[in-house]
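Below is one structure, written out as structure tokens, with a few remarks after it.
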Amino acid sequence: MLDPITYAAVYYSIITILSALGLTLTYQTTKVPNFAQGPYLTLGTYLGIFAQGVLRISPFYFIPVSFLLVGLFSLLFYLLVIRPLMNRGASIVILMIATLNLDIISYSIINIFASWMNYTYFVSISYVNFINSDFDVFGINFSFILGIIAVIVVFISLYLLLFKTKFGIAMRASIENPSLASVVGINTNAVYLFSWFLSGALTGMAGIFFAFFQSVNTYSGDEFLPYMFAATILGGISSLFGTILGGIIVGATSVLVTYGIVSLGFTFFIPFQPIVPLVIMSIVLLIFPQGIGGLLSKFLKH
């Protein structure tokens, strides 16, 4: 039986890895820092709430549903907003503001969805943890095991996609030099479409695991946004696999540092836990802004 601190550290790492990978994907392909990544996480969570609170089934069954629907939501935003703005030559600032607008719109949509469940099915808007006591395997919650499996599957799938398929090679070429990739006949638009879909899909899947660990509300995803950005920057915005390592470090460190401070008697620090990833992000930007991925690339070249 694992202690609660270990559970918390691993859960935070799982959620951070999956959601930060989505953030890294959209930045690598279209150079857009997507501030709407937080609502993607919340939307995935409330789809799980719909499964348990309305359909009376385990949120586990809604992992593929959340993967698909949140992925399509992200893709729709790209098609309706980001791509038209990019075609008109919008600056990175305009694109960033567009994602902030989506953040606000998504928050409203999630609130409407949550209110509908509340008034129709008496499902609390601020939802308590998913019930997972019936899914224990050798004293370990099944959601915990499934979360680790999900990260491993995503890691292997990304590796096979990027390095063992023609589309993966085209995707890496589009990331490194989109202009040259277009010249040699690579369909960069297809790469962008896939990246935005996968960005939302991975974060939506992370949303299902989110409520297995803690109570949630309609702005929980926005509160988790510092963890995503910290993991992306620490891992190196040019490296998907660096983001995985960054997610482990940011997720685990945030829990362990908070626990260490609280154990010293400073219990007031608990609500300030998001400061930890912000501090990590600031240190990385000041000392080695290229992140872990950039450092590994330099090391391998030498």
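Okay, residues lined up against (1) touching a Phe, Trp or Tyr at 6+ places or on another chain (Cβ under 8 Å); (2) without any contact (Cβ under 8 Å) to a residue 60 or more places away in the chain; (3) over 24 Å from Tyr27 (Cα atoms); (4) not acidic (Asp, Glu):
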site: Ser238; (1), (2), (3), (4): no, no, no, yes
site: Leu256; (1), (2), (3), (4): no, no, yes, yes
site: Gly265; (1), (2), (3), (4): no, yes, yes, yes
site: Phe288; (1), (2), (3), (4): no, yes, no, yes
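Say we look at segment 55-79 and pick out the residues that are touching a residue at least 40 places away in the same chain (Cβ under 8 Å) and either of a type in the set (Gly, Ala, Ser) or on the phi > 0 side of the Ramachandran plot (or both); which of these is surrounded by the most Cβ atoms within 10 Å (Cβ to Cβ)? Filtering first and then ranking leaves Ser74. Of everything listed in (1) over 22 Å from Thr188 (Cβ atoms); (2) outside any helix (DSSP H, G or I), the single unmet condition for Ala90 is (1).
So if I check each of Ser174, Ser179, Ser143, Ser195, which one is in a helix (DSSP H, G or I), out of contact with any Asp or Glu (no Cβ under 8 Å at 6 or more places or on another chain) and at pLDDT 90 or above? Of Ser174, Ser179, Ser143, Ser195, the one residue that is in a helix (DSSP H, G or I), out of contact with any Asp or Glu (no Cβ under 8 Å at 6 or more places or on another chain) and at pLDDT 90 or above is Ser195.
Selection of segment 47-79 for residues being among the hydroxyl-bearing types (Ser, Thr, Tyr), over 15 Å from the mean Cα position of the chain (by Cα) and at pLDDT 95 or above yields only Tyr78.
Rundown of residues vs (1) at pLDDT 95 or above; (2) in contact with a helix residue (DSSP H, G or I) (Cβ under 7 Å, 6 or more places away or on another chain); (3) in a helix (DSSP H, G or I), yes/no style:
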| residue | (1), (2), (3) |
| --- | --- |
| Pro271 | no, no, yes |
| Pro277 | yes, yes, yes |
| Ser282 | no, no, yes |
| Ile292 | no, yes, yes |
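Here Gln214 clears all of (1) among the polar types (S, T, N, Q); (2) touching a residue at least 40 places away in the same chain (Cβ under 8 Å); (3) within 24 Å of Phe155 (Cα to Cα) except the condition numbered (3).
The values are calculated or read from the model by the stated rules, or taken from the named source; none is laboratory data. On a predicted model such as this, the values are computed, not experimentally measured, just so you know. Cβ: placed from backbone, ideal geometry, glycine included. Neighbour counts: every protein chain shown.
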